[in-house]
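Down below is the structure, laid out as C-alpha cells.
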Amino acid sequence: MLRGENRGGRVTDRAAWQFPNLDCQEVCMMLSEKQAVTALRMMSKRPYTIDEHAPLSEAAELMLSQNIGCLPVVSADGPLVGLLTERMFQAAMAGIPRPFSVRNLQEKTIVRIWGGYNDSPTARVDAVTKLQNERVRDVMLADPPSVTEEATMTDVAEAFFANHLSHLPVVRDGIVVGVVARHDLLRTIAGG
C-alpha cells in the first residue's frame, strides 16, 4: 500500500501531486497491473555519479552539461553515500539548515531561493559564491533512500511517496547501477 494518510479516499500526503487526481487504491491498482516491471527496466543505466569530496561547482557543471536533475554521490571506494539534486542547490541557497534531510527539505518552501532570507542582489551573489566554494558532501542528502534492481513499480512508487524525492538511486550491493526518476515511473504507467 502507498504510504500517506488517506482521508475520504484521497491521498493527503505531501507527495500526492505526483498523482493528483487519483486516490491510493486507484494508484495501487494501476501499479499492480504492471507488477512485473522492475526498477531495472525503468531506470537510467550507468548514471553519472560524483565523489563526495568534489567541489560543488563541478557537480553543477556536470548536471548542466548532461542535462540531469540529480547525481548519486559516491565515496572513494564506490558505495552510495548521498544524493545531490537541483532542489538541494536551491535549498542551500535558501538557507535551509544542513545536513539536509527529507524532512527539512519538504517543510521549507523555496520561495526565497536567491540568497535565503535576504533577497538583495548582493545577498544573491554572496550565496552563489559561498556555494561555489563548498564540497558536494556539504550539500548532499546523506544516506539517501534507494531501491534495488528487483524493486517493483509499487516499491518505487512507495519510495517516491514516502521520501518526497524525484529521483532514487538503484543499487546492487551498495554500488549505484542506475537512477529511476518520477517521470520513468509515469512513462511506464502510461505504457511507454
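The values are calculated or read from the model by the stated rules, or taken from the named source; none is laboratory data. Please read all numbers here as calculations on a predicted model, not as lab measurements. Using ideal geometry, Cβ is built from the backbone for each residue, glycine included, and neighbour counts are taken over all protein chains shown.
Quick notes on this structure:
- Residue check: PRO145 meets all listed conditions (1) of a type outside the set (D, E, K, R); (2) touching a residue at least 60 places away in the same chain (Cβ under 8 Å); (3) under 26 Å from MET93 (Cα atoms) but one, namely (2).
- Any hit, the range 55-68, residues being at pLDDT 90 or above, surrounded by 18 or more Cβ atoms within 10 Å (Cβ to Cβ) and not polar (S, T, N, Q): yes
- Scanning the range 73-88 for residues that are out of contact with any Gly (no Cβ under 7 Å at 6 or more places or on another chain) and either assigned to a strand (DSSP E or B) or of a type in the set (Val, Ile, Thr) (or both) yields VAL74, VAL81, GLY82, LEU83, LEU84.
- Of the listed requirements (1) closer than 19 Å to GLU86 by Cα; (2) in contact with a Phe, Trp or Tyr (Cβ under 8 Å, 6 or more places away or on another chain); (3) not hydroxyl-bearing (Ser, Thr, Tyr), GLY178 misses just one: (2).
- Filter result (farther than 15 Å from GLY69 by Cα, out of contact with any helix residue (DSSP H, G or I) (no Cβ under 9 Å at 6 or more places or on another chain) and part of a strand (DSSP E or B)) within the range 136-192: ALA142, VAL171, ARG172, ILE175, VAL176
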